[in-house]
Every structure is written in C-alpha cells, then in structure tokens.
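Working notes for the structure below.
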Amino acid sequence: MSEIILHHYEGSPYSEKIRTIFGYKKLAWRSVTTPAIMPKPELVALTGGYRRAPVLQIGRDIYCDTRLMVRLLDRLHPEPALVPASLKASCMAFASLEQTLFFATVPVVFQPAGLKVMAEQLGAEVMPKFSEDRKLLFSGGTSHRPSAAFSRLNFLPLFHAADVQLAGTPFLLGQTPTVADFIYYHCAWFVLRNSGVAGSFDPFRNLLTWVERMKAFGHGTPAPMSTAEALEVARGTAQGQSFDGPLVEPEGLKLGQRVSVCATDYGCDPVTGTLVHASVFELAVKRSDERAGEVVVHFPREGFRVFAVE
Ligand SMILES: N[C@@H](CCC(=O)N[C@@H](CS)C(=O)NCC(=O)O)C(=O)O
C-alpha cells in the first residue's frame with residue numbers, strides 16, 4: 001500500500017486533529033508542509049482548487065476534509081477505532097458540534113494577547129496578509145468569520161461541559177478515545193499552544209489532565225517529504241484506492257459527467273473533473289493536472305455540493 005502523505009502546516013488545528021489520530025493509531029506517514037495562506041500552488045495542483053488544511057494523499061488519491069479522513073483511516077487501519085460501532089451515533093453528534101467548537105475557539109485566539117503570540121508563531125511576513133486571506137476564505141460561503149459574540153456564548157459552556165464530563169471518565173465517551181476526543185482536542189490545542197490566551201482553560205482542571213492524556217499519543221512517525229516528491233508520487237501511481245460506500249448518484253447527475261464540487265461553508269473554491277463515485281459518504285472526481293498527472297479527489301458528501309458544468 002502507498003504511504004500516507006499529509007499536506008498541512010504546524011499551526012493548523014484541523015491538521016493537529018489528524019496528526020494526533022496518527023499518534024493514536026501509531027501510524028507512519030510523510031509530512032508535506034503547505035503555506036498557511038494562499039497561494040498554495042502545489043497543493044492546488046493536487047486538489048484542483050481546494051485550499052483548506054489538511055489534505056491527505058495516498059498515491060494519486062487526494063482526500064479533502066478531516067471528516068472523510070476519519071472514515072478513511074478507520075477503514076485502512078481499523079484498530080483502534082475512532083468510531084466504534086457501539087458509539088456511532090454519539091460520535092456523529094460530536095462531529096456535528098465540531099464547527100461550533102472551532103468557531104468558539106478562534107475568537108479566543110484572536111484577542112490582542114493571542115494575536116501578539118500568533119504573529120511570532122506565523123512570522124512577520126505572513127501575519128499582515130493573514131487577515132486579508134481569511135476574509136477571502138469566507139467569501140461566497142454560508143459561514144461567516146467567527147465573531148467574538150458567538151465565542152462569548154459558546155466557548156465557556158462547551159468547554160465547561162467537557163470538563164464536567166471528564167471528571168468521571170478518562171475520555172469523553174468512556175475508557176478509550178473516540179473521534180469525539182480528537183474533535184474537542186484540536187480546538188483546545190489551538191488555544192493552549194498560544195501562551196497569550198492559554199490561561200482561558202485554567203478553570204478546567206479535568207480538561208487539562210485529559211489534554212495531557214491526548215498529547216501523550218504524539219503524532220505517530222512522520223518523515224518529511226517535499227512538495228515536488230508528493231507530486232511525483234501522484235504522477236507515478238497507477239493504482240487507485242477503493243471508494244467509500246455503495247453508489248448513490250446525486251440528484252440529476254450521473255457517473256462520467258463533468259462536474260464541479262465545492263464546500264458550502266467556507267473555502268468554497270470549486271474542483272472540476274469527471275464524477276467517478278458518489279455515495280452517501282463521498283464524492284470523487286477524476287481530473288488531470290500538468291504537474292500531478294491523473295488524480296482522484298475525494299470529498300465528504302456532507303458539507304459539499306456538486307453541480308454539472310460544461
Ligand atoms: N471541515 C474542514 C475544516 C478545515 C479547516 O477549516 N482548516 C483550516 C485550518 S485548521 C483552514 O483550512 N484554514 C484556511 C487555510 O489554512 O488556508 C475539515 O474538517 O478539514
């Protein structure tokens with residue numbers, strides 16, 4: 001089987017979700033660093049337009065969105081499971097809470113004390129462009145940049161609830177971790193890695209103990225890879241990965257048709273190609289790129305829309 005390649009950057013919370021899952025599943029992987037802001041020419045050569053972080057690559061198959069990556073990783077490496085059958089509905093409930101949690105934490109980091117540290121972390125040249133980039137990220141989507149008012153209403157209740165729950169159990173849904181823990185963890189990590197605002201978690205002692213438990217999983221075994229090498233892997237792989245779930249064609253569309261797929265919430269840049277699979281779990285589009293060759297780009301069905309193009 002081809003290696004798992006993760007395109008990500010250090011400060012990305014959703015990337016930390018996947019890196020920590022690699023640690024929990026004890027996986028070896030190749031690490032390609034992408035820019036935190038546009039332009040991301042090599043990443044876009046692989047995805048065809050999708051710009052968010054992280055992106056997972058196996059050979060010529062490119063997986064967008066961590067929700068799909070969680071399914072893929074449980075399929076390829078079932079033990080330990082992120083979504084055990086006995087907790088499936090509970091895991092889905094946490095998954096639907098993920099964006100609320102993330103949007104509650106972003107404004108905490110974007111307070112003046114957090115921004116100061118963030119500027120040091122991102123580097124003097126990136127920071128001034130960051131705000132403009134994120135404005136563009138949210139243009140054309142159904143979501144707005146998370147506001148301080150939203151955070152004030154959600155941050156404390158959501159993390160207080162987790163703190164209370166973690167008083168009686170080592171992980172959110174019991175004795176072993178599930179995807180619920182990785183969802184909460186990457187949001188907490190985003191705040192805790194920023195010394196300007198990390199103190200926001202001081203009241204939550206059980207949560208802080210759990211954070212140490214999560215951190216102890218590490219990141220598995222990463223080995224660096226250049227973007228050029230990742231493009232070469234895509235070009236040089238003939239064998240594709242299997243698809244996720246039985247065929248359920250989207251309304252009015254057929255396999256083989258030329259389509260565009262894009263996220264509906266933010267980062268809505270369309271990816272255009274031939275529809276090669278559609279199930280209730282994923283949409284897959286085959287496209288050809290000068291640098292990446294023929295690739296198959298996979299998206300979750302949820303949170304993405306697909307439409308015919310000429
Ligand atoms: N639903 C997506 C969200 C991904 C996301 O929002 N990632 C952030 C970074 S943590 C992002 O892409 N920000 C813009 C960028 O990095 O260009 C997922 O689960 O992968």
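The values are calculated or read from the model by the stated rules, or taken from the named source; none is laboratory data. Everything numeric here is computed off the predicted structure, so don't read it as measured data. No Cβ is skipped: glycine too gets one built from the backbone with ideal geometry, and neighbour counts run over all protein chains shown.
Just a few scattered comments:
- In summary, V70 fulfils each of the numbered conditions (1) hydrophobic (A, V, I, L, M, F, W, C); (2) surrounded by 21 or more Cβ atoms within 10 Å (Cβ to Cβ); (3) over 15 Å from the mean Cα position of the chain (by Cα) with the single exception of condition (3).
- Subset of the stretch 16-32 (residues that are in contact with a Phe, Trp or Tyr (Cβ under 6 Å, 6 or more places away or on another chain) and within 14 Å of the ligand (Cβ to nearest atom)): E16, K17, T20, I21
- Any hit, the stretch 2-15, residues being closer than 18 Å to G236 by Cα, modelled with pLDDT under 95 and away from the ligand (no atom under 16 Å from the Cβ): yes
- Qualifying residue in the stretch 72-90 (condition: touching a helix residue (DSSP H, G or I) at 6+ places or on another chain (Cβ under 8 Å), modelled with pLDDT of 95 or more and either among the basic types (K, R) or within 12 Å of the ligand (Cβ to nearest atom) (or both)): no
- If the condition is being of a type outside the set (V, I, T), more than 21 Å from the chain's Cα centre (by Cα) and surrounded by fewer than 20 Cβ atoms within 10 Å (Cβ to Cβ), then the stretch 250-285 contributes P250, E251, G252, L253, K254, L255, G256, Q257, R258.
- Given (1) over 16 Å from the mean Cα position of the chain (by Cα); (2) within 29 Å of T272 (Cα to Cα); (3) more than 12 Å from the ligand (Cβ to nearest atom), number of the condition I62 does not satisfy: (1)
- The stretch 104-125 residues that are more than 19 Å from P157 (Cα to Cα), paired with ones that are among the small types (G, A, S) (beta carbon under 6 Å, 6 or more apart): A113/G196; G114/G196; K116/G196; V117/S195; V117/G196; Q121/G11
- Evaluation of P146 against the conditions (1) within 16 Å of the ligand (Cβ to nearest atom); (2) without any contact (Cβ under 8 Å) to a residue 12 or more places away in the chain shows that the sole unmet condition is (2).
- Among (1) surrounded by 13 or more Cβ atoms within 10 Å (Cβ to Cβ); (2) hydrophobic (A, V, I, L, M, F, W, C); (3) under 30 Å from L192 (Cα atoms); (4) free of Cβ contacts under 8 Å to residues at least 60 places away in the same chain - the single one M225 does not satisfy: (4)
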